[in-house]
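Peer 1: Supplied in structure tokens, the structure appears directly below.
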Amino acid sequence: MTLRDTDSLHRFVFEHTNVRGELVHLDATWQAILDRHAYPEPVRDLLGQAMAAAALLSATIKISGSLTLQLQGGNPVSLLVVQAGADRTLRGLAHWEGDLASHDFRRLVGKARIALTIDPGEGGDRYQGIVAAEGASLAASLEDYFAQSEQLATRLWLAADGRRAAGMLLQQLPGVTEDADAWNRDVHLGETVTDEELLGLPTRELLHRLYHEEDVRLFEPEPVSFRCSCSRERIETVLRGLGYDEVQDILREQGSIKVNCEFCNQAYEFDAVDAERLFAASDQPEVPRTRH
């Protein structure tokens with residue numbers, strides 16, 4: 001029995017060509033999202049595809065920060081956000097309302113836009129590219145993004161269900177290759193993959209099924225996992241930014257300050273004692289004496 005790959009990203013190249021590829025499988029990573037939010041099936045599957053896409057796209061660039069994939073502006077899915085870290089960690093969320101009778105991408109997102117934001121980390125400048133989500137699928141819309149914004153031939157295959165999310169990417173790198181037909185041939189073979197194969201077959205078996213006549217070099221897998229970057233310390237920083245008076249106003253009105261992270265559903269609560277501690281920290285500016 002061949003064991004399938006779990007929570008891993010594989011890179012591969014077609015030898016003597018300018019074509020590279022990646023395969024990702026999300027298992028516990030995907031379940032961590034589903035354990036925190038009860039998404040309707042069409043939204044769930046679209047978010048799973050976006051999770052796989054973000055993992056694949058983040059692996060095509062060298063960053064120490066993060067890549068954020070965002071789809072916004074349509075209906076019934078009004079917002080979808082996935083963030084992938086350089087350490088191969090993922091988190092994601094989706095907002096929706098109204099009729100969810102169809103899995104059709106165009107009916108789910110309407111007139112939406114796709115934004116890819118790259119934060120290189122280490123003080124580098126952030127970059128964002130935005131295109132209209134006009135493709136027949138999320139994969140097709142992302143391919144349009146690369147064609148318009150990056151002028152880089154890219155093909156994506158994405159699939160997700162209630163157990164697993166997976167994806168495959170092919171990309172043609174700039175430069176001359178001795179095998180001029182390699183890109184067209186590899187894409188044509190890739191088009192034969194089914195969602196069931198993408199979700200169910202181990203990487204080596206899937207690549208052999210698709211490309212057994214090609215010279216493919218497969219690299220060692222990289223682990224992928226769910227992780228949310230929220231923390232109590234980050235929320236405290238936000239509250240300090242609001243200022244003492246505004247925090248006190250919220251406490252008087254609500255009794256406590258409750259913050260819920262949309263990504264991981266973690267709840268944070270601050271009472272009056274917590275608030276006093278925040279603004280009494282030694283590294284904070286002196287608080288005016290006219291407190292009430």
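Peer 1: Just order 70-76, 180-186 by mean Cβ neighbour count inside 10 Å, highest at the front, would you?
Peer 2: Sorting 70-76, 180-186 by mean packing, highest first, produces 70-76, 180-186.
Peer 1: Using unit Cβ charges (K, R positive; D, E negative) and no other charged atoms, how large, in debye to the nearest 20, is the dipole of the stretch 1-58 about its Cα centre?
Peer 2: Its charge dipole is roughly 100 debye.
Peer 1: Highest mean first, how do 265-271, 119-125 rank when packing is the count of other Cβ atoms within 10 Å averaged over residues?
Peer 2: Listed from highest to lowest mean packing, they are 265-271, 119-125.
Peer 1: Pull out a ≥ b ≥ c, the square roots of the eigenvalues of the alpha-carbon gyration tensor of the stretch 123-247, then state rounded if a/c is under 1.5, prolate if not and a/b is larger than b/c, and oblate in the remaining case.
Peer 2: It is prolate, given that a/c is not under 1.5 and a/b is the larger ratio.
Peer 1: Within 13 Å, Cβ to Cβ, of A101, how many net charges do the neighbouring residues add up to if Lys/Arg are +1 and Asp/Glu are -1?
Peer 2: -2
Peer 1: So, one more: For the chain, what proportion of DSSP beta bridges, expressed in % and rounded to the nearest 5, is antiparallel?
Peer 2: Counting only bridges with both partners in the chain, antiparallel ones make up about 95 percent.
Peer 1: Among H16, H25, what is the fewest-to-most ranking by other Cβ atoms within 10 Å?
Peer 2: Values: H16 11, H25 28.
So the residues, fewest neighbours to most, are H16, H25.
Peer 1: Sort the chain into rounded, prolate or oblate with this rule: let a ≥ b ≥ c be the square roots of the eigenvalues of the Cα gyration tensor; rounded if a/c is under 1.5, and if a/c is not under 1.5, prolate when a/b is larger than b/c, oblate otherwise.
Peer 2: Prolate is the answer for the chain, as a/c is 1.5 or above and a/b outweighs b/c.
Peer 1: To the nearest 20 debye, what is the magnitude of the charge dipole of the chain about its Cα centre, counting +1 on the Cβ of each Lys and Arg and -1 on the Cβ of each Asp and Glu?
Peer 2: Working: 29 positive and 47 negative charges, 110 e Å.
The calculation lands at about 520 debye.
Peer 1: Follow-up. Using Cβ contacts closer than 10 Å as the measure, can you line up F263, F219 from fewest to most?
Peer 2: F219, F263
Peer 1: While we're here: Mind checking the dipole of the stretch 232-280: about its Cα centre, +1 per Lys or Arg Cβ, -1 per Asp or Glu Cβ, Debye to the nearest 20?
Peer 2: 140 debye
Peer 1: Looking only at R88, R36, R164, which one moves most when the chain is put into a Gaussian network model with springs between Cα atoms under 10 Å?
Peer 2: Result: R36 has the largest fluctuation of those listed.
Peer 1: Based on the alpha-carbon gyration tensor of the stretch 199-266 and its eigenvalue square roots a ≥ b ≥ c, which shape applies: rounded if a/c is under 1.5, prolate if not and a/b is larger than b/c, or oblate?
Peer 2: Because a/c hits 1.5 or more and a/b exceeds b/c, the stretch 199-266 counts as prolate.
Peer 1: So for M51, M168, fewest C-beta neighbours within 10 Å to most, what's the order? The partial results should precede the final answer.
Peer 2: On the way: M51 30, M168 26.
Ordered by Cβ neighbours within 10 Å, fewest first: M168, M51.
Peer 1: So, one more: Running a GNM on the chain with Cα contacts under 10 Å, which residue among V43, V77, V187 ends up with the highest mean-square fluctuation?
Peer 2: Greatest mean-square fluctuation among the candidates belongs to V187.
Read-outs throughout are calculated quantities, based only on the coordinates presented, and are distinct from any laboratory measurement. All of these numbers come straight from a predicted model, not from anything done at the bench. Here the Cβ is made from the backbone with ideal geometry for all residues, glycine too, and neighbour counts use every protein chain on show.
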